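The values are calculated or read from the model by the stated rules, or taken from the named source; none is laboratory data. Bear in mind the structure is a predicted one, so any value in this text is a computation, not a measurement. Every residue, glycine among them, receives a Cβ derived from its backbone with ideal geometry; neighbour counts consider all protein chains shown. These area figures cover heavy atoms from the full protein model, side chains too; ligands, DNA and RNA do not enter into them. Shrake-Rupley method; radii C 1.70, N 1.55, O 1.52, S 1.80 Å.
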Amino acid sequence: MVQTYRQLRLDLSAALAEFLDLSEAHAESIRWFEEGLGLSRSWLAIHGMEPAPAQVRRQVSDWVRRRRAGEPWAYLLGWSLFRDRRFKVTRDTLIPRPETELLVEAALDVGQRLQIERCVDVGTGSGIIAVSLALETAWQVAATDLSPGALAVARANAEALKAPVAFFEGSLLDPVPEPLGLVVANLPYVDPADQPSLQRELGFEPASALFAPDRGLALSAELLIQARKRQAPACLLEIGAGQGGELCRRALGAGWSKAMVHQDFAGYDRVLVTLA
């Protein structure tokens, strides 16, 4: 029996529904066709009764096998959107989250008010923050990461999007020359004790980019100390739910004059802003 494109999508939705709820399975099957195969819903409406080539069927079958094992769609696809730009992602980097846009928006706002000229993105990962800021401002943007694999992905994204970013390999602010300018970071902030309860998809993302000691606070707290010692005018961090109060106290203890927390759309702590 010949499998048409329409039947292939229905079969795909049914396969995804074995481990996703029905609405998620339906939405993801459409994304697979649009993002993975490049076939829009309008195309499917016109050509849906045409036979799906064997190569397409094999590709979808391989995706289903990997997705059933828990691998996130962005890794299967090899890219993800952030601020309407396409960023390459690999197992060396986290998958961009919509919440990180709140950090970028806060950085743009603070940077404009302080009239900064330079910015450092610490723990850049795939480079989404550094590249976005470089493209949306006239700032001199630098970025750091400990992972050579992540830096390779970030450099590729900067090159593909023609973003002028200087990359440095090393821990936190250690490899960055003076002067710093605004410091921005989405560092690991998940408490290792929470690992057993996390979604299985997170098991495919790099643990070094997710978990931090001291209930997830260690790296954020250390960066606040480093940035203050090196006289950054401000430091903005993406943080985890419930971490705002403790990090505000630590920021003030490190010498920052002001510390405030912005919540995300669900009402959870998400962005810490500290000012010199």
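Could you tell me which residue of the range 204-240 is nearest to Val176 (Cα to Cα), considering only residues that are among the polar types (S, T, N, Q) and open to solvent by less than 60 Å² (accessible area, probe 1.4 Å)?
So, considering only residues that are among the polar types (S, T, N, Q) and open to solvent by less than 60 Å² (accessible area, probe 1.4 Å), the one nearest to Val176 (Cα to Cα) is Gln226.
Here is a list of conditions, (1) surrounded by 15 or more Cβ atoms within 10 Å (Cβ to Cβ); (2) modelled with pLDDT of 95 or more, and Trp32 meets all of them except one; can you say which number that is?
(2)
Results for (1) in contact with a Cys (Cβ under 8 Å, 6 or more places away or on another chain); (2) of a type outside the set (Lys, Arg), shown as yes or no for each residue.
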| site | (1), (2) |
| --- | --- |
| Val120 | no, yes |
| Leu133 | yes, yes |
| Arg155 | no, no |
| Pro177 | no, yes |
| Val183 | yes, yes |
| Asp191 | no, yes |
| Asp194 | no, yes |
| Glu205 | no, yes |
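Report yes if Leu198 is modelled with pLDDT under 95 and either open to solvent by less than 40 Å² (accessible area, probe 1.4 Å) or in contact with a Gly (Cβ under 8 Å, 6 or more places away or on another chain) (or both), otherwise no.
Against the criterion (modelled with pLDDT under 95 and either open to solvent by less than 40 Å² (accessible area, probe 1.4 Å) or in contact with a Gly (Cβ under 8 Å, 6 or more places away or on another chain) (or both)), Leu198 does not qualify.
Can you find a residue that is in contact (Cβ under 8 Å) with a residue 12 or more places away in the chain, of a type in the set (Phe, Trp, Tyr) and closer than 16 Å to Val271 by Cα anywhere in the range 156-179?
no
What do you reckon, is Ala156 under 15 Å from the mean Cα position of the chain (by Cα) and of a type in the set (A, V, I, L, M, F, W, C)?
No, not satisfied.
When only residues in the range 179-195 that are within 16 Å of Gln140 (Cα to Cα) and more than 19 Å from the chain's Cα centre (by Cα) count, which is surrounded by the most Cβ atoms within 10 Å (Cβ to Cβ)?
Leu182
For residues that are touching a strand residue (DSSP E or B) at 6+ places or on another chain (Cβ under 7 Å) and over 22 Å from Gly203 (Cβ atoms), tally how many sit in the range 77-129.
Matching residues across the range 77-129 total 18.
Which residues, counting only those in the range 112-124, are under 27 Å from Ala152 (Cβ atoms) and in contact (Cβ under 8 Å) with a residue 60 or more places away in the chain?
Of everything in the range 112-124, those that are under 27 Å from Ala152 (Cβ atoms) and in contact (Cβ under 8 Å) with a residue 60 or more places away in the chain turn out to be Arg118, Cys119, Val120, Asp121, Val122, Gly123.
Yes/no matrix, rows are residues, columns are (1) among the small types (Gly, Ala, Ser); (2) in contact with a Lys or Arg (Cβ under 6 Å, 6 or more places away or on another chain); (3) open to solvent by less than 40 Å² (accessible area, probe 1.4 Å):
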{"position": "Gln55", "(1), (2), (3)": "no, no, no"}
{"position": "Ser61", "(1), (2), (3)": "yes, no, no"}
{"position": "Arg66", "(1), (2), (3)": "no, no, no"}
{"position": "Ala69", "(1), (2), (3)": "yes, no, no"}
{"position": "Trp73", "(1), (2), (3)": "no, no, yes"}
{"position": "Phe82", "(1), (2), (3)": "no, no, yes"}
{"position": "Arg86", "(1), (2), (3)": "no, no, no"}
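May I ask you to list the residues in the range 238-264 that are within 20 Å of Val190 (Cβ to Cβ) and either in contact (Cβ under 8 Å) with a residue 60 or more places away in the chain or among the aromatic types (Phe, Trp, Tyr) (or both)?
Answer for the range 238-264, where residues must be within 20 Å of Val190 (Cβ to Cβ) and either in contact (Cβ under 8 Å) with a residue 60 or more places away in the chain or among the aromatic types (Phe, Trp, Tyr) (or both): Glu238, His262, Asp264.
With (1) more than 18 Å from the chain's Cα centre (by Cα); (2) in contact (Cβ under 8 Å) with a residue 40 or more places away in the chain as the list, and Gly127 as the residue in question, which single condition is left unmet?
Status for Gly127: all satisfied but (1).
Residues are listed down the side, and each one gets a yes or a no for (1) in a loop (DSSP other than H, G, I, E, B); (2) in contact (Cβ under 8 Å) with a residue 40 or more places away in the chain; (3) under 25 Å from Leu202 (Cβ atoms):
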{"residue": "Ala14", "(1), (2), (3)": "no, no, no"}
{"residue": "Ala27", "(1), (2), (3)": "no, no, yes"}
{"residue": "Ser42", "(1), (2), (3)": "no, no, no"}
{"residue": "Ile46", "(1), (2), (3)": "no, no, no"}
{"residue": "Val56", "(1), (2), (3)": "no, yes, no"}
{"residue": "Arg66", "(1), (2), (3)": "no, no, yes"}
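Taking the condition of being more than 18 Å from His262 (Cβ to Cβ) and surrounded by fewer than 23 Cβ atoms within 10 Å (Cβ to Cβ), how many residues in the range 97-143 meet it?
Of the residues in that region, 10 qualify.
Residues that are in a loop (DSSP other than H, G, I, E, B) and of a type in the set (D, E, K, R): does the range 215-224 have at least one?
Yes - at least one qualifying residue is present in the range 215-224.
Which residues, counting only those in the range 22-46, are of a type outside the set (Gly, Ala, Ser) and under 22 Å from Ser80 (Cα atoms)?
Glu24, His26, Glu28, Ile30, Arg31, Trp32, Phe33, Glu34, Glu35, Leu37, Leu39, Arg41, listed by residue number.
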